[in-house]
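Worksheet: one structure, shown below.
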Amino acid sequence: MKTLYFVLSAFLSFLFSSCVTDKDDPVWSLQKGESLPQFSVAMNDGRLVTTESLRGKKSMIVFFNTGCSDCRRELPVIQAVYDRCQEASPDIEIICISRNECKEAVEKYWSENSLTLPYSAQDDRRVYSLFASSVIPRIYVSSQDLKITASFSDSPLASYEDILAALGFR
């Protein structure tokens, strides 16, 4: 009986904690060619990043939640891209924004995994909902004029090479 209870509990936990898709909502997302929406987030390093502060530089905005297994697989790839950009093209702005996850949880995950990416912990979906209705991880690459030039989400996850190519590395 205990085994059945354990299996049922594990299954229900998996079912209710799905982080990749939200099946009850209609799915929409900003697309290539559209402009970044107006947003403002406080970063972990004290900076305020706004849509306007991204004007004039390429940027990559990553939405994640550390409880999401796909996000946990993608974040090391994003870290490698960030490291490469810091070496080769520091004018590219890369920011990670949590979807519905508190600062303490994000800080803990970053520390445990030696991540140095700049992030903004958002304990709700307010900023995320300006970009999409569901599915994480979600990545938007934008040009200097704030137009989305590439986006990545869900499966298959974005590769290091694909993201670098979207940022203009050949």
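Put simply, of Val81, Val127 the only residue that is farther than 29 Å from Pro26 by Cβ, touching a residue at least 12 places away in the same chain (Cβ under 8 Å) and crowded, with 18+ Cβ neighbours inside 10 Å is Val81.
Every residue, every condition in (1) in a loop (DSSP other than H, G, I, E, B); (2) not hydrophobic (A, V, I, L, M, F, W, C), yes or no:
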residue	(1), (2)
Leu75	no, no
Asp83	no, yes
Thr116	yes, yes
Gln122	yes, yes
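Checking the stated criteria, Ala132 turns out not to satisfy the condition of being among the small types (Gly, Ala, Ser), surrounded by 16 or more Cβ atoms within 10 Å (Cβ to Cβ) and closer than 17 Å to Val77 by Cα. Can you tell me how many residues in segment 104-124 are within 24 Å of Pro26 (Cβ to Cβ) and crowded, with 17+ Cβ neighbours inside 10 Å? Number of matching residues: 1. When segment 85-103 is limited to residues that are outside any loop (DSSP other than H, G, I, E, B) and among the charged types (D, E, K, R), the one that is surrounded by the most Cβ atoms within 10 Å (Cβ to Cβ) turns out to be Glu93.
Computed from the coordinates by the stated procedures, all read-outs in this text should not be read as laboratory data. Remember, it's a predicted structure, so these values are computed and weren't measured experimentally. Cβ: placed from backbone, ideal geometry, glycine included. Neighbour counts: every protein chain shown.
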